[in-house]
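Here's the structure, in structure tokens; my notes come after.
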Amino acid sequence: GRMSWESPAPTITTGFSTPGRGRFTHPSEARTLTAREAARLQGFPDEYFSPEILEAVSANRSLITKWIGDAVPAPMGHVACLSALAPLLAAT
């Protein structure tokens with residue numbers, strides 16, 4: 001399945017680099033998402049997966065796709081953490 005510019009992105013999974021494992025085909029190009037594009041959709045800033053990290057694991061693409069696909073999206077993790085800490089912060 002091809003992603004759409006007008007629709008929300010699907011949930012990023014470890015299969016984002018394989019067109020047959022979800023709807024991860026680029027909206028306008030004949031390719032799957034890059035690791036950087038998938039990380040951006042997960043809410044990670046570009047600096048989080050630096051070129052050095054991406055280059056270091058490029059020989060093992062399955063490793064980087066696992067890191068990104070298994071990650072909790074950064075904005076969701078931030079909100080979950082604040083929700084968990086709210087009672088503690090309110091008590092002080």
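The values are calculated or read from the model by the stated rules, or taken from the named source; none is laboratory data. On a predicted model such as this, the values are computed, not experimentally measured, just so you know. Cβ placement follows ideal geometry from the backbone for every residue including glycine, while neighbour counts extend to all protein chains displayed. Ligands, DNA and RNA are stripped out before the accessible areas are found, and what is left, the full protein with its side chains, is counted by its heavy atoms. Shrake-Rupley method; radii C 1.70, N 1.55, O 1.52, S 1.80 Å.
Miscellaneous remarks
- Calculated over region 47-89: convex hull of Cα atoms, volume per residue (Å³): 79
- Seen from all directions on average, region 1-42 presents a Cα convex hull projection of 2.6 nm².
- Solvent-accessible area per residue in region 1-85 equals 64 Å², computed with a 1.4 angstrom probe and all protein chains kept.
- Dipole-positive endmost among PHE44, ALA30, ALA80 within the chain (Cβ charges, Cα centre): ALA30
- Note on region 28-74: Cα-only Rg and Dmax are 10.5, 28 Å.
- GluC sites (Glu not before Pro) restricted to DSSP loop in region 1-54 with at most 10 other C-beta within 10 Å: GLU6, GLU29, GLU47
- Helix axis angle, 74-90 relative to the chain longest principal axis, alpha carbon, degrees: 10
- Nearest-ten-degree value, helix 61-70 long axis tilted from longest Cα axis of the chain: 40
- When the alpha-carbon atoms of the chain are used, the pair Rg, Dmax equals 15.7, 54 angstrom.
- Virtual paramagnetic centre 7 Å along Cα→Cβ of TRP5, amide N under 11 Å, in region 20-48: 27-29
- Apportionment of accessible area to carbon and sulfur, region 10-82, percent (1.4 Å): 61
- Taking 0.36 nm per residue of separation and subtracting the Cα-Cα distance, full extension of the segment from SER62 to GLU29 would add 9.7 nm.
- Chymotrypsin sites (Phe, Trp or Tyr not before Pro) within region 1-66, DSSP loop, no more than 15 other Cβ atoms inside 10 Å: TRP5, TYR48
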